[in-house]
Structure formats: structure tokens, C-alpha cells
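Here is the structure we will look at, set down as C-alpha cells.
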Amino acid sequence: MIAKMNKKPIKKKNISEKKIVKKEKTVVAKNDIEENNVQNKGGGRTPALLRGMKDLVPKDEFFWKTLYRTAENLSEAYGYGLINTPILEEAGLFVRTLGKGTDVVDKEMYVFEDLDGGKICLRPEATASCARAFINHGMQSLPQPVKFWYYGPMFRHDRPQAGRYRQFTQFGCESFGVHEAVVDAELIAVAYHFLEDLGLKTNIHINSLGTPEDRQNYLVELTGYLRTKRSYLCEDCKKRLVKNPLRVLDCKNPECQAVLTEAPQIIEWLSEASKAYFMKVLEYLDELSIPYVLQNTLVRGLDYYTDTVFEIYLDEEGEGAQSALGGGGRYNGLIEQLGGRPTPGAGFAIGLERVISVLRKQTDEGTCKIKEVFPAVFFAQLGEQARKKALHLLENLRKGGVIVAHSFGKSSLKGQMEMADKLKVRYSVILGQKEVQDGTAIIRDMESGIQEIVDQKKLKNALEKKLQPKV
Ligand code: HAM
């Protein structure tokens, strides 16, 4: 009834009334925020985290920092330069390159109208953005290859489930300007070593899509085959068959998968030159002892790929694993598609939430190879004077390179010692009223309980000496 009463007047509204309604809506929205603020003081509804989104909280800090440092070290070592492109881009950038008929473009992009009427989106990936930046900054004239690495959030309106989020973080590398098998192999090696440095054993699933001409020949064959099996395909694939038949190969529907077991395989449609190129990539991988499996049905879910395509899976998951940790490939037509001079390129991206989920599981099982290093010293203070002095001493220790845990929120020595025990520190520094007056501090060995009094000025040296590995 209420809904009916609300609907009627809206139908009759003329333009000027609509404007007024808009204004009212704005006012209502503003009031809502104010009301919420007021309510929150007395306990209103706390806004929820959006579906498929995650907060990064301090308990995850170690993993995120380790991943960033590993990515940075590796990228620097292999000569990739950091690129940071905006999160907002023209929607057309991805529609033109990832392709109509791909899940990302058809179903998952966060597209909206900008205030000036342009169609913009939250980037669903960064390869197209890197290609745009490469053209915009005239990087064709730089010595080739031009190598980028990036690390940041991507957005896809996917159905949230384990390892699938609507905002997720990728570490990726892109290499523009050189079409050589060794470049593909180097990119695979960087992705592989990134995960290896984190203690993860992985396996590369690899295939080749050949040149656009090879692909076109294959598409004729594939489309012919799929047409004969049309009635067995899911509704989405029936549409894909018309719009973009290659994307049928991405479908996870068991009935479509059954149809695909008999489908012609792209590898058989590669030209001799494409086959030779692919064999060269595999030769390099053999040389580098990087484990791989040939996966004839692997075509990746994006349209820009040519030649080599690959995905990275955790070794123990083996074939048929649920979700890849990363993926990539060559995209020789991408720059040209965006209006640049013909320039080959290749790259990969790794989904970091998926990597962290594996690392966390391993940590729980006690098998994780990377370990969080906790401070070896806790600083306890008693009384206001000691607290003030402790602030200075902590800063001096930090500047001297000694990282010390502390808890100014706790005032009792018992509470602070409990915390020191919990952190499993080797030594505690204790500063009370007496020590402040004497200019000293107590160092307690947490295992033996033996205490030593040292001059505050010698505190850093004394701690450094104690923390030195015994030879
Ligand atoms: P992609 O396979 O779409 O490729 O994504 C790469 C990785 O990002 C995936 O393997 C996965 O780990 C992670 N990922 C993708 N979607 C999600 C999601 N919804 N939630 C969590 N993680 C996700 C690309 O994005 C290409 N740009 C890779 C590339 C770079 N190709 C050439 N250069």
C-alpha cells in the first residue's frame, strides 16, 4: 500500500518537479549521514563492508609487506621499472582490448558515468593501462624492451567466493617492444621465482595461440565443430558462439567442458613459425628448470593474447586445480589496437590475495617457509616520569637500528611482562622511577630471569651486544 502511494505521484511529475525531487534527495542523503553520525555516537547501524571487498588489517601486514618487498626486489633485479597507472580509466580502454564476449567486459566491469558524462570504470586489470601509458608517454622511442612492474588493486564484479573478490591486488610485469621467446621465458621465470622466493612450489600451465591468422583459421574450425554441438552448450556459450567462439573454451560448465573434450585443439592449427617460437619458449623453460605442463585447452579469458599463454598453479593442486595464482602471455597486437605503432608485448599478473591465502594456510600448518621476525626486546616502563623518558630512549634505539616492542597503554609491570612473554622476546628493558633518577635501565634476560643494570647512554650498545649471534 505504501509503495503504491509512493509510485502514483512520481508518474505524474513534470521536469521541474523532478528537479525538486532530486534536490530533496540530496538533502535527505546529507541528513542521513548527519543522522548516522549522531546515531553512531549512541550506537546506530555500522556500515557493512561491501561484498567481495576486504580490509587489510595489521594481522595481515607481515604478508603484504613481504609480498611487496619480494616483488620490488625481483622486479629491480630483472630490470623492470615501477609504473603506477590510475584506478579510474576510460571504459573503452578495456572493452577494446579485453574484448566483447569476455566475462570481464560483459559481466564484471564497474562502469559508470563520470560527472562530465564520459563512461569510466574501475580498472579490471592493468595490462591495457600499461599499453595506454606506453603510447601516451611516447615510449616507442625509448630503447626496447620497455619493462614495467606494478602492484595495486583491480576491480571485477565477480561472484565472491574463496579466492575471488571484487577488489583484489595484482603484482604484474609487462615487457614491450621485443618479440623473442627469451622474453616470454624471462617473464615466466620472474612469476615463478616470485612464488618460489615465498617458499611456494608451482607449476606452469602453458599453451600457444599462435598469430592472429593461426587463430582465425582455428576459429573457423572451432566454430564449425561447436555449431554441431550447439544444443549441448549452456545459454552463455550459445551467445559466445555468435559473439566470440574462443571464449567457449573458458567455460567451466561441465556440459560445455564435455563438448570441449572432442573439440579441435589450437596447437594443431599453428603455423610452422608459431610452433617453432613456442618450442623455443619451452626450451628456455627446460634450461631454467622451470616445471611446466602443456595445456591444449588453455586460451585465457581475455582477447588480447597471441602466441604464448600461461597460468601458474600451486604444484600440489596439479591439473584441474580450481584457481590460478597468476597468468599471462604475449599480446603482440595490443599497442596497435590502441592506436600505437605496431609493438609486441608480453606480461603476467599474480593475484596476491590467493598467494596470501596459501601462505596463511601453510602458517597454520607450520609449513610456511617465510617467517615473521618479531622484536627481540620489549621496553617496559613504570610511572609517568619513566614513560616520558622511555619515549626518548625508544626513539634513540630506533635510530640506532634496534627495534623494540612496547605498550604505553599498559601501566602495570605485570601486564607489560605478560605482553613481553607473549611476544617471546629475549630481553626486556625495565625503566622505573629509580632508574630515571639514576640514569640507568634494567635489562632482564627473559629466559634465565637474570637482570643487569646499565647506564642509559650505553643501553643501545649493551642490547646490540646481547643480540649478536654467538659464534
Ligand atoms: P587474469 O588471469 O585475469 O590476468 O588475472 C591474473 C590473476 O589475478 C589471476 O590468476 C588471479 O590470481 C588474480 N585474480 C583475477 N581475478 C580475481 C578475483 N576476482 N579475485 C581475486 N584474484 C583475482 C590478467 O589480469 C592479465 N592482465 C595478466 C597479464 C599481464 N597478461 C599479460 N600481462
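Quick notes on this structure:
- Hey, Ser357 outside any helix (DSSP H, G or I), surrounded by fewer than 19 Cβ atoms within 10 Å (Cβ to Cβ) and either within 21 Å of the chain's Cα centre (by Cα) or more than 11 Å from the ligand (Cβ to nearest atom) (or both) or not: no
- Looking only at segment 162-179, residues that are closer than 23 Å to Leu359 by Cα and within 9 Å of the ligand (Cβ to nearest atom) come to 10 in all.
- Leu302 within 14 Å of the ligand (Cβ to nearest atom), closer than 19 Å to Phe278 by Cα, open to solvent by less than 30 Å² (accessible area, probe 1.4 Å) and modelled with pLDDT under 95: no
- Restricting the first member to segment 242-255 and to residues that are free of Cβ contacts under 8 Å to residues at least 60 places away in the same chain, and the second to residues that are basic (Lys, Arg), the beta-carbon pairs closer than 7 Å and six or more apart or on different chains are Val248/Arg240.
- Pairs with Cβ under 8 Å, 6+ apart, first in segment 109-126 and open to solvent by less than 60 Å² (accessible area, probe 1.4 Å), second part of a loop (DSSP other than H, G, I, E, B) and at pLDDT below 95: Glu125/Leu302
- Filter pass, Asn332 being within 16 Å of the ligand (Cβ to nearest atom) and not aromatic (Phe, Trp, Tyr): yes
- So Arg96, is it farther than 28 Å from Arg69 by Cβ, within 16 Å of the ligand (Cβ to nearest atom) and open to solvent by 20 Å² or more (accessible area, probe 1.4 Å): yes
- Failed condition for Ala191, given (1) in contact with a helix residue (DSSP H, G or I) (Cβ under 6 Å, 6 or more places away or on another chain); (2) at pLDDT 95 or above: (1)
- Some residue of segment 327-335 being surrounded by 18 or more Cβ atoms within 10 Å (Cβ to Cβ), at pLDDT below 95 and assigned to a loop (DSSP other than H, G, I, E, B): no
- Restricting segment 143-169 to residues that are open to solvent by 20 Å² or more (accessible area, probe 1.4 Å) and within 25 Å of Gly340 (Cα to Cα), the residue that is farthest from the chain's Cα centre (by Cα): Pro143
- Here the strands (runs of 3 or more DSSP E) wholly within segment 377-471 that include at least 3 residues being open to solvent by less than 70 Å² (accessible area, probe 1.4 Å) are 377-381, 427-431, 440-445.
The values are calculated or read from the model by the stated rules, or taken from the named source; none is laboratory data. Every value quoted in this text rests on a predicted model; they were computed, and no experiment measured them. Cβ coordinates were reconstructed from backbone atoms using ideal geometry, including for glycine residues, and neighbour counts include every protein chain displayed. We work out accessible area using only protein heavy atoms, side chains counted, and drop any ligands, DNA or RNA first. Shrake-Rupley method; radii C 1.70, N 1.55, O 1.52, S 1.80 Å.
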